[in-house]
Each structure stands twice: as C-alpha cells, then as structure tokens.
Amino acid sequence: MVQAPEKDGTTLNKFEKFKAEKDGLAIKDELDHFAQIGWEAMDKTDLEHRLKWVGVFYRPVTPGKFMMRLRIPNGILSSEQMRVLGEIVQRYGDDGNADITTRQNLQLRGIRIEDIPDIFQRLKSVGMTSVQSGMDNVRNITGSPMAGLDADELIDTRELVQKVQDMITNYGQGNYQFSNLPRKFNIAIEGGRDNSVHAEINDIAFVPGYKEGELGFNVVVGGFFSAKRCEAAIPMNVWVRPNQEVVDLCRGILEVYRDNGLRANRQKSRLMWLIDEWGIEEFRTRVANQLGYPLATAAEKDAIDWEKRDHLGVFPQKQEGLSYIGLCVPVGRLFADDMFDLARIAEVYGSGELRLTVEQNVIIPNIAAENMPTLLTEPLLAKFTPNPTPLQRALVSCTGAQFCNFALIETKNKAVDLIRQLDAELNIPRGVRIHWTGCPNSCGQPQVADIGLMGTKARKDGKTVEGVDLYMGGKVGKDAHLGSCVQKGIPCEDLKSVLTSILIEQFGATPKG
Ligand code: SRM
Ligand code: SF4
C-alpha cells in the first residue's frame, strides 16, 4: 500500500499532487492520442512530467524535439538494437543524435511526438524498452561492463541485472507496483574486483564478498547525489547469494521505501533520508519484516581489491583466442552514422554485441585474434580511439545547456575543447579523470573524479559569467570515496590556466617543449 504523503500533516508538493491525480505510468495508454493531437495541445503535466514515465522527456530548450531515455540493463545491447536506435535518430537529420549516459545507457534526441507510437513498436520488435526510466522510478540498472568476459571476474552480473529490471518493470511492460516511488532510485550490481560501476553512489549496490568461503554480495544502501546533499552508500549489514535473493532484496527495499519514504519535501525524499530517520538497524529490520524472513549478516569484508580499470584498448577475454576492444567516445556523443558503424563493426569482427560503460564509452567484445588487425584500421577508430590521451580517456560530461534546462553552463563542447588545448600544451604521465556537470544535480558525477567541474555562475570584471566550482579527491575502485569542493566560482575563461597549474603541481604534467 502506498503511504499517504501527507501523513505528517504537511501539504502535498506539486509532484505528489499530480501523481495522486493520475499515475505517471497511465500515460503509456495515451501515446496514440498524443501523437494525433501534437505536443502543443497536450495537458502541461502530461507533457512536462508524466511522459517521463515512458522515458520521453520534453525539452524546454528544444520545444517539440523530445529526448528518449532507454533502459539498457548492464549496458549490453546487440548490433541489431543499435541499428534500430540509429535509424530512429537518423530520421531527425541534424537534430538527431544519441548520448551514452553515466548509467551505461543511451538517450536519443530530436524525437517528435507524432513518431512515438512507431518508435515504441520498433523498440519492442528488438526487445527494448524505455519504460520507467525517468522521474520517480528506478533508473537503468548498471552492472560490470566485463561481465562474462573477465578471467578475474567474481560474479557474472548479466542475468541478475536483467531479472531485477524485469521485476521492477514487469518485463518491460510497466509495473504500477513501482511507478510511484518518493523519488528517483539507482541500483548497481558489481561482479568484478575493481568496482567498475561506482557502487558507492547508488541507492542500492551489490558488491562481491565471501562469507564462510561462499561467494555472494554485501549490500550497501543510500548513496546519492543531489543539489542539497551528496552521500556515499553505507553498509546494510546484509549478505545475499547471487541468485533470486538479489531480486527479492531489491523488491523488499523498494517496497519499504515506496511505503515509508519521505514525500513531503522532494529535497529530502531519497532513500538515505529515510535511513537517517530510522537508523540503519531499524531499516534493516523493516526490510526483513517486509520479506518475511531473516537476512544474513554481511561478509566481513568485500572483495573489491583492484584499482578501477577503464577498459579502453585491446584486452584478452577469458574465452581463449577472443579479445575485447574499448573505444573512447568523446563525452558519449554518437550520431546516426557512428551507431551504424558500431553495429557493423560488432557484427563483422565480433559476435554482434556492444557494451556501454559509465564513463560514456563503448566496448566491442568477442573479437577473434585474426580479426583484430583489420578492425584496428577501421576509419571509425580515428574518431573513437582505443588509445586516447591521458585526459581524453577519462573525460565524462553531463548533457549541459545544449539540451538541459537545469544547466548553468554548456558542458560537453567545453569539456572536449579544453582537454584538446591542455593535451596540446602538456605531457601528462597518467590518466586524470575529469568530470563535468552543468549544475549541482551532479549527473556528471564530479564527486567521483580526480578533477570535478560543476557549472555555476561566477563574477569576472564586475560581470556575471559562466563558471565552475572545482571538486577534487574523488577516489574510485577499491576504497572509493567522494571528492569535495575545493574552490568555488572559477570563471570558465580562467579554467585553462587553473587546470594547467593543477595538472603540473598535482599530476606530474610538464609543459611540452
Ligand atoms: Fe541526472 C535530472 C541527465 C545521471 C542526478 N538528469 C536529470 C535530467 C532528467 C533533468 C531534466 O529533466 O532535464 C537530465 C536530462 C538532461 C538531458 O536532456 O539529457 C539528466 N542524468 C542525466 C544523464 C543523461 C547525464 C549524462 O549525460 O550521462 C544521466 C542519465 C542516466 C540514465 O541513463 O538514467 C544522469 N543524474 C545522473 C546521476 C549519475 C548516476 O546515476 O550515477 C546522478 C547523480 C546520482 C544520483 O541520482 O544519486 C543524477 N539527475 C540527477 C538529479 C538530482 C537527484 C536528486 O536526488 O536531487 C536530477 C534532478 C532531479 O531528479 O530532480 C537529475
Ligand atoms: Fe542537466 Fe544539471 Fe544533470 Fe547536467 S547535471 S544533465 S545540467 S540536470
């Protein structure tokens, strides 16, 4: 039973009000109607909010040209699926493109409302869905990008991620059980030793751990970023086996959160605020009660003992004679031709499979040794190189002002341009992870970066100009911890000199002769 949001006597905020009037998911049965009447005739709440329950985002920056956010469990898709997505954006000409997101996912741009029923048919025909990918729903579920390929893998996450998604979305058809959470919700399942998924910044994350010699997952909960507060996930003192227990625990936690999560103030609605109110012990007890059986206590320590890998380059798989190639896609931006090329390359040289990473890059697995030399001569690799510079290889950026109305600055183009200039002037001995995010919502995760840049307004010569707050010290992989803000309000035009000094003083860079 969904708890009445006003139980504490406060009035409903506007989001809870419109959700109470009509569940966002109900929109899935009205898409033909919207396609007929056009976006300008739509009810404002349906247009601006409820459409997000089917992954369709109205963009005030580009009215009439929508964004569509998919679900790509574990970031794995087939060449056939990639081709269909390429065809969808191709029809929008210069308006059409796609972005790989920081959740191993794809967002398509340029979408017209009149095409949505047809697009949904096409997605269905290749087993894809965009359902419940926005607003108060569970986001794309991330998993190890090397699942099933890595000789050192502990647990293959692919099937588990799919099962959790199927439970939450009712096999992609939409599920009213979980379509009215108090807020967005992130789940990650890590199966490798290097924490490729940033477990610590998810509302629930499963991290491998041995209990009395048996391999399963320790569970951490409550990690999140928001404009108001950022927290790393904390241990729930629970251990589960890598089977249906994972799915059941997700269900139990989601039900407890749905029915008890704080709904009065959207700034205080993420899971961690409920854990704060109850304490982690009480939270654990409530989840066990919800499931109706006791939960096993956590393994003494987790099995994350490697530094994080970025998977760019060519690497052997555990399958003899096969390798994968990781390609650097600058700030995750793809155009239709890139998508067709990636699909073709995956088919010709590999097994037709493609994978996405939370660093907004692409991996093509299952390439036979004899095919690799020819693959390396493919023209697309000049654009998406397997051997990027130390700054290129770890550059991440959120959408920014080009399409996002929350943005305080443009991000993706600035990010690419700045590292091009820095690379031209500096020798940098090792990868430096630079993450850009256009506003304090932190979609570009500046808190996990070596150097995080968060859009803000700054003052220069008495004028308001585009600027950034500088974050440093984010550590990923084993012993991950969040970075913090070290300098506020740097005008973007001064950023090159500020970063040059930081790279020289703290990352061993030297000026090129
Ligand atoms: Fe995000 C809202 C883009 C990952 C925290 N995010 C938005 C919206 C939907 C705002 C909007 O309606 O315009 C952005 C869409 C812009 C656009 O047109 O693309 C947006 N978020 C993104 C993406 C595309 C950034 C990217 O370039 O990769 C990522 C999509 C992931 C996906 O596939 O689902 C994305 N967003 C994140 C992450 C990172 C993560 O999940 O690891 C975070 C921080 C982690 C977290 O959520 O705890 C994040 N996004 C937010 C927030 C702040 C949430 C909060 O509790 O306050 C918002 C604003 C909100 O929900 O009110 C937001
Ligand atoms: Fe938009 Fe801000 Fe998220 Fe960037 S961080 S995509 S600007 S909401």
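The values are calculated or read from the model by the stated rules, or taken from the named source; none is laboratory data. Predicted, not measured: the structure shown is a model, and the values here were computed from it. In this analysis, Cβ positions are derived from the backbone assuming ideal geometry, glycine residues included, and neighbour counts consider all displayed protein chains. In case anyone asks, the SASA skips ligands and DNA or RNA and just uses the protein heavy atoms, side chains included. Shrake-Rupley method; radii C 1.70, N 1.55, O 1.52, S 1.80 Å.
Consider residue 275 carefully, then state whether it is buried (at least 18 other Cβ atoms within 10 Å of the Cβ), β-branched (Val, Ile, Thr) and closer than 28 Å to residue 359 by Cβ. When the stated conditions are applied, residue 275 does not pass them.
Yes or no: the stretch 236-251 includes at least one residue that is within 24 Å of residue 102 (Cα to Cα), without any contact (Cβ under 8 Å) to a residue 60 or more places away in the chain and more than 16 Å from ligand 2 (Cβ to nearest atom). No, because not a single residue in the stretch 236-251 is within 24 Å of residue 102 (Cα to Cα), without any contact (Cβ under 8 Å) to a residue 60 or more places away in the chain and more than 16 Å from ligand 2 (Cβ to nearest atom). As for the stretch 483-499, it holds at least one residue that is in contact (Cβ under 8 Å) with a residue 60 or more places away in the chain and open to solvent by 20 Å² or more (accessible area, probe 1.4 Å).
Within the set 324, 293, the sole residue that is hydroxyl-bearing (Ser, Thr, Tyr), closer than 21 Å to residue 73 by Cα and either free of Cβ contacts under 8 Å to residues at least 12 places away in the same chain or open to solvent by 10 Å² or more (accessible area, probe 1.4 Å) (or both) turns out to be 324.
Summed over the stretch 51-96, residues that are open to solvent by 40 Å² or more (accessible area, probe 1.4 Å), within 14 Å of residue 122 (Cβ to Cβ) and within 14 Å of ligand 1 (Cβ to nearest atom) total 0. Residues in the stretch 419-442 that are out of contact with any helix residue (DSSP H, G or I) (no Cβ under 7 Å at 6 or more places or on another chain) and hydrophobic (A, V, I, L, M, F, W, C) were compared, and the one that is farthest from ligand 1 (Cβ to nearest atom) is 424.
When the residues of the stretch 191-218 are filtered to those that are among the acidic types (Asp, Glu) and more than 14 Å from the chain's Cα centre (by Cα), the one that is surrounded by the most Cβ atoms within 10 Å (Cβ to Cβ) is 194.
Select from the stretch 102-147 the residues that are open to solvent by 10 Å² or more (accessible area, probe 1.4 Å), touching a strand residue (DSSP E or B) at 6+ places or on another chain (Cβ under 6 Å) and of a type in the set (D, E, K, R) and list them in ascending order. Residue satisfying the conditions is 103 alone. A search for C-beta distances below 6 Å between a residue of the stretch 441-455 that is closer than 12 Å to residue 476 by Cα and in a loop (DSSP other than H, G, I, E, B) and any residue that is within 10 Å of ligand 1 (Cβ to nearest atom) and open to solvent by 10 Å² or more (accessible area, probe 1.4 Å), counting only pairs 6+ apart in sequence or on different chains, returns 445/102.
Condition first: closer than 30 Å to residue 473 by Cα, in a helix (DSSP H, G or I) and open to solvent by 50 Å² or more (accessible area, probe 1.4 Å). Can you find one or more residues in the stretch 245-254 that meet it? No, the stretch 245-254 has no match at all. The sole residue among 184, 163 that is open to solvent by 40 Å² or more (accessible area, probe 1.4 Å), modelled with pLDDT of 95 or more and within 16 Å of ligand 2 (Cβ to nearest atom) is 184.
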